[in-house]
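The values are calculated or read from the model by the stated rules, or taken from the named source; none is laboratory data. As the structure is a computational prediction, the values presented were derived from the model and not from experiment. Cβ: placed from backbone, ideal geometry, glycine included. Neighbour counts: every protein chain shown. Areas reflect the complete protein model, heavy atoms only, side chains present, ligands, DNA and RNA absent. Shrake-Rupley method; radii C 1.70, N 1.55, O 1.52, S 1.80 Å.
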Amino acid sequence: METHWRSVLIISIWTLVATADAAVNESTLRRHRFEYGFLNGSLEFSTEVISADSRGKDGSAIQSPHEQHLTRSSVIFGLTKVANESNVSPSCHAHLKQVQRGILSRQPWAMKVLDASGSKPSGFVFGQNYWLGSRDGCEGVRRPVGITLSRNYERVMHYSILTQGAPFGMDYRVIYMRHRSPWQVEIKVMSEQVLHIGLCLPSSCGSEEVKQLARDYVAGDSFAEDDMFDMKPEVLYMKDLQLSERFYQRLSFRLVVAAILVTGALMLCAQQVRVAKNADEPETGLAPVESELWQALDTLLKWQPFQNFVSCFDVANNWRKLSAMRENQPGEIPIMNGLRSVCAIWILIFHVVWYMYFTVHNKTVLLSYAEHVFFQYVSTAPLLVDVFFTISGFLQTYNFLRNEKQLEAVRRKGLWGNVKLFGKLLFHRYLRLGPLYLVVMGSVDLAYAYIGDVSVFHINERNDELCQQHWWRNLLFIQNLFDHREMCANWSWSLACDMQFFLLANIVLFIYAKRPKLAKVITLTGLMATITWSYGIGIAKNFEFSFDSTYATGTQIYTSPFVRVLPYIVGAIAAWFYQEQQFQVSELSERRIRRWWHLSLKVFVGCIYSTVKRDLGYLITISLFVLGRVLFSLTVCWMIVGSASGTGVWWSRLLEAKVFQHLNRLSYGIYLLNPLVIALVYSLTSTSSAVDPFLLSVICCGFTMTVYLASIVFSLAFELPYSNLSSLLLKGKPKTS
């Protein structure tokens, strides 16, 4: 009897398996069997997944608890449920329904689709908006995963998850939704409340179709996360992560390529000129093929003015200048090399943390680290921009006042003569700063257009769009006079400030050459005006040191030339005292000199840590902001004057080390390139990350080396050649020191 019932049971099971429309692979039925050679044949399933037994009395389909759970918890499965012939194309509808049936019947390829598509992870309260799933997992649906596993071991797995692909094309895409959940910390720094949902979708479904499906899905009552966290999501847009053809049609692409080709050609010409000048013996020179290549340019290269111009692009000569480390010459201020170099790297580290904010899924924790006492040196690094402004103000005034020939020319010339001299100075400054700046600006436009297409992250600062609209502002160095959210390469605001301060300082110095008292009145009036303006803006905007307040007042306080001119004026006044009043530090006793040096360091560090408490009242905050920056600039002035006078202590001698001569020559390139490199690398990662202080220190080292190498290449190509050309026009020969 027992044998009879066992036979009946076996026959029944066999009948059910044999009559099933879906081809269920053997690895799904026997999990412990490791079998090679699974054939990815036809995976068509019956259009009737739900049997007659799972229908209600009225004939409507009844969802199983398993299916109901998937509909509410899985976005990809939810989209397959809301798809119908009216909202998607027939092919898209058929493929989505096939995905749905494959998931319900647990086909390996469909399980990979489910697994590769994003769903809500933990950490939403502190900023986890990256439900990206797995881009690599979706790639594994399209083609078998290339991994070799030994036959000698049994594995608790369905082996066909490695080998089985989808019966139609699948693509990884990301859909972006803005949520309004009160259950997430809202920091108010750009648009952090954007959900990134990665989906492994059939290629037959268009972007507009998927967006409409997503709208229908979140509009219904199927999205469980909306019920629990009150998200009320709004579909923004979707990316297919493919580079568009428009990228190669951009004007910036043509200009950057043209700049690279022209610079490369000039470098090759410079190499030809250098080899020709060094060819003392007949057999020395270019190979025959190279001689033919340069034959057409032979006549032009023999023309001396063109030779001088081309020689500015000599890579070997420029590298020697860039890497040279020599003894400090009289009249030089060696500590400036160290200050600029250290501050450039310091600001680079700040940018590593700043751009990490847009790719980490625990933003709240990141900012909480920034408020810890230990990490204040990073979070207050933007204050170090004042070091550059102070140095610029000091150098501009110091060099002008000690140039007796130029001073005499200003006193002797009339209005028109001084206008021409002023224009000459402006032209040479633009020639030194402009080429590298413009090439980087074009590279920024290209890089952001690229990551806007292929990055999984929502890019809030669309520099590609901003540069197309507002490039002329950067060309004129006036971008900081507009809203900081509308700047192309917004970190270049300080370069615009510096150019504007250069113009104003030259006007005042020209006046000083003719009417010293009037220039002094203008300078002191400007100092009092910027302090008054800073107080007025700070009080009007209820300014605080909190990150949201700092970002919200970026245009009025952080990038405003009316506020940031303060350290430039302090540096200029210090240079006047040192040069005109013959202020000599060496007249003080050695003990007092050491005390002043150490006091300056303490004040410098104290200003860096003055923001450790960020919830002070706006009146106290703006007072700390203004007075702290005055003290900060004065400490930098003391370091400069002390170094120029030949005094110092152990830590100032470190800043005067020869190695900083090399880094100082790269500081302009480091300043311009580091945000571009950092943003590009972060944006091209395929998933979000969590902030970790130890890992962050390693990342900072990697970025520092990467930016250092990039700045060498860009400086050799687009900075030093034009600095040489400026010297050539001023002196009649390229700068050699």
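Could you name every one of the helices (runs of 4 or more DSSP H) located completely within region 37-138 that has at least 1 residues being polar (S, T, N, Q) and modelled with pLDDT of 90 or more?
The qualifying helices (runs of 4 or more DSSP H) are 75-82, 90-104.
Selection of region 640-674 for residues being of a type in the set (A, V, I, L, M), part of a helix (DSSP H, G or I) and either out of contact with any Gly (no Cβ under 9 Å at 6 or more places or on another chain) or under 26 Å from N318 (Cβ atoms) (or both) yields V641, L655, V659, L663, L666, I670, L672, L673.
Only strands (runs of 3 or more DSSP E) whose full extent lies in region 148-244 are considered here, and the ones with at least 2 residues that are hydroxyl-bearing (S, T, Y) are 170-178. The condition of being in contact with a helix residue (DSSP H, G or I) (Cβ under 8 Å, 6 or more places away or on another chain), modelled with pLDDT of 90 or more and either open to solvent by less than 100 Å² (accessible area, probe 1.4 Å) or part of a loop (DSSP other than H, G, I, E, B) (or both) holds for L322. Would it be correct to say that V659 is modelled with pLDDT under 95, under 30 Å from Y130 (Cα atoms), loosely packed, with under 14 Cβ neighbours inside 10 Å and over 17 Å from the mean Cα position of the chain (by Cα)? For V659, the condition - modelled with pLDDT under 95, under 30 Å from Y130 (Cα atoms), loosely packed, with under 14 Cβ neighbours inside 10 Å and over 17 Å from the mean Cα position of the chain (by Cα) - is not met.
Every listed requirement among (1) in a helix (DSSP H, G or I); (2) modelled with pLDDT under 95; (3) open to solvent by 30 Å² or more (accessible area, probe 1.4 Å) is met by W491 save one, (3). Selection within region 210-245: residues that are basic (K, R) and modelled with pLDDT of 90 or more. The member of this set that is surrounded by the most Cβ atoms within 10 Å (Cβ to Cβ) is K239.
Where helices (runs of 4 or more DSSP H) fall wholly inside region 354-421, the ranges with 1 or more residues that are in contact with a strand residue (DSSP E or B) (Cβ under 8 Å, 6 or more places away or on another chain) are 363-370. Restricting attention to region 109-126 and to residues that are of a type in the set (F, W, Y) and closer than 18 Å to R180 by Cβ, the residue that is surrounded by the fewest Cβ atoms within 10 Å (Cβ to Cβ) turns out to be F126. Only a single item in (1) open to solvent by 10 Å² or more (accessible area, probe 1.4 Å); (2) over 27 Å from A717 (Cα atoms) is not met by V360, and it is number (1). Every test in (1) at pLDDT 95 or above; (2) under 30 Å from I712 (Cβ atoms); (3) surrounded by fewer than 20 Cβ atoms within 10 Å (Cβ to Cβ) is passed by F501 save one, and that test is (3). Within region 608-627, the residues that satisfy the criterion of being of a type in the set (V, I, T) and outside any loop (DSSP other than H, G, I, E, B) are I608, I620, T621, I622, V626. Residue check: C637 meets all listed conditions (1) under 21 Å from R592 (Cα atoms); (2) surrounded by fewer than 21 Cβ atoms within 10 Å (Cβ to Cβ) but one, namely (2).
Restricting region 127-163 to residues that are among the aromatic types (F, W, Y) and out of contact with any His (no Cβ under 8 Å at 6 or more places or on another chain) leaves a set whose member that is most open to solvent (accessible area, probe 1.4 Å) is Y153.
Scan region 448-468 residue by residue and report those that are of a type in the set (G, A, S) and open to solvent by 30 Å² or more (accessible area, probe 1.4 Å). Full working, then the answer.
Of all residues in region 448-468, those of a type in the set (G, A, S) come to 449, 452, 455.
If the condition is that a residue be of a type in the set (G, A, S) and open to solvent by 30 Å² or more (accessible area, probe 1.4 Å), then no residue fits.
Go through (1) of a type in the set (S, T, Y); (2) in contact with a Ser or Thr (Cβ under 8 Å, 6 or more places away or on another chain); (3) closer than 30 Å to E461 by Cβ; (4) open to solvent by less than 40 Å² (accessible area, probe 1.4 Å) for S689 and report which single condition fails. Every condition holds for S689 apart from (4). Closer than 25 Å to N490 by Cβ, small (G, A, S) and out of contact with any Lys or Arg (no Cβ under 9 Å at 6 or more places or on another chain), is that true of G628? Yes.
The number of residues in region 517-569 that are β-branched (V, I, T), in contact (Cβ under 8 Å) with a residue 40 or more places away in the chain and part of a loop (DSSP other than H, G, I, E, B) comes to 1.
Considering region 245-258, the residues that are assigned to a helix (DSSP H, G or I) and charged (D, E, K, R) include one that is farthest from F124 (Cα to Cα), namely R254.
Taken over region 386-407, the criterion of being free of Cβ contacts under 8 Å to residues at least 24 places away in the same chain and either of a type in the set (S, T, N, Q) or touching a Lys or Arg at 6+ places or on another chain (Cβ under 7 Å) (or both) is satisfied by N399, N403, Q406.
Exactly one residue among E186, E209, E192 is out of contact with any strand residue (DSSP E or B) (no Cβ under 9 Å at 6 or more places or on another chain) and under 14 Å from K239 (Cα atoms), and that residue is E209. Here V630, V677, V605 are screened, and the one residue that is open to solvent by 10 Å² or more (accessible area, probe 1.4 Å), at pLDDT 95 or above and in a helix (DSSP H, G or I) is V677. Taken together, F604, F562 contain a single residue that is closer than 30 Å to L436 by Cα and out of contact with any His (no Cβ under 6 Å at 6 or more places or on another chain), which is F562. Looking only at residues in region 175-209 that are crowded, with 17+ Cβ neighbours inside 10 Å and farther than 24 Å from S683 by Cα, the one that is nearest to the chain's Cα centre (by Cα) is S181. Scanning region 469-482 for residues being open to solvent by less than 50 Å² (accessible area, probe 1.4 Å) and of a type outside the set (A, V, I, L, M) gives a total of 6.
Every residue, every condition in (1) touching a Ser or Thr at 6+ places or on another chain (Cβ under 6 Å); (2) among the small types (G, A, S), yes or no:
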site	(1), (2)
V626	yes, no
R629	no, no
W638	yes, no
S645	yes, yes
G648	no, yes
W651	no, no
Q661	no, no
L666	yes, no
G669	yes, yes
